[in-house]
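The values are calculated or read from the model by the stated rules, or taken from the named source; none is laboratory data. Computed from a prediction, not measured in an experiment: that's the story for all the values here. For neighbour counting, all protein chains shown are included, and Cβ atoms are generated from backbone atoms with ideal geometry for every residue, glycine included. Accessible surface is based on the protein model in full, side chains and every heavy atom, while ligands, DNA and RNA are left aside. Shrake-Rupley method; radii C 1.70, N 1.55, O 1.52, S 1.80 Å.
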Amino acid sequence: MPDKKTPPAEPDAQPVPRKRGRPKIYNEPLTPAERARRYRARRANDFSPPGEMRDAALIDALRWCITHQHETVDLYLEELVRRFHSKGAGALK
């Protein structure tokens, strides 16, 4: 039963097709440079635990720890070994 607030649908009305391509964020599409800047900013602010990080963010965090001689290098290295070593997590035992 139709709702009282909903106007009756026209029988011959066709749904409007979606536009092709990436949807706009603002009134106009982003330039490739703006899109890359937003991507890099999201990647730089990824503070999730190593088990949930994307590979690129994990390598960036490892690079930062090595450069700044931070003590959490072993967390990131263990996660990389767990993901990519041919023996898997068993290689850490």
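If you scan segment 46-88, which residues turn out to be hydrophobic (A, V, I, L, M, F, W, C), touching a residue at least 12 places away in the same chain (Cβ under 8 Å) and exposed (fewer than 12 other Cβ atoms within 10 Å of the Cβ)?
Answer for segment 46-88, where residues must be hydrophobic (A, V, I, L, M, F, W, C), touching a residue at least 12 places away in the same chain (Cβ under 8 Å) and exposed (fewer than 12 other Cβ atoms within 10 Å of the Cβ): just A56.
Exactly one condition in (1) within 30 Å of R83 (Cβ to Cβ); (2) open to solvent by less than 100 Å² (accessible area, probe 1.4 Å); (3) modelled with pLDDT of 80 or more is not met by A33; state its number.
Every condition holds for A33 apart from (1).
Could you tell me which numbered condition P17 fails, if it satisfies all but one of (1) open to solvent by less than 100 Å² (accessible area, probe 1.4 Å); (2) modelled with pLDDT of 80 or more?
Going through the list (1) open to solvent by less than 100 Å² (accessible area, probe 1.4 Å); (2) modelled with pLDDT of 80 or more, P17 breaks only (1).
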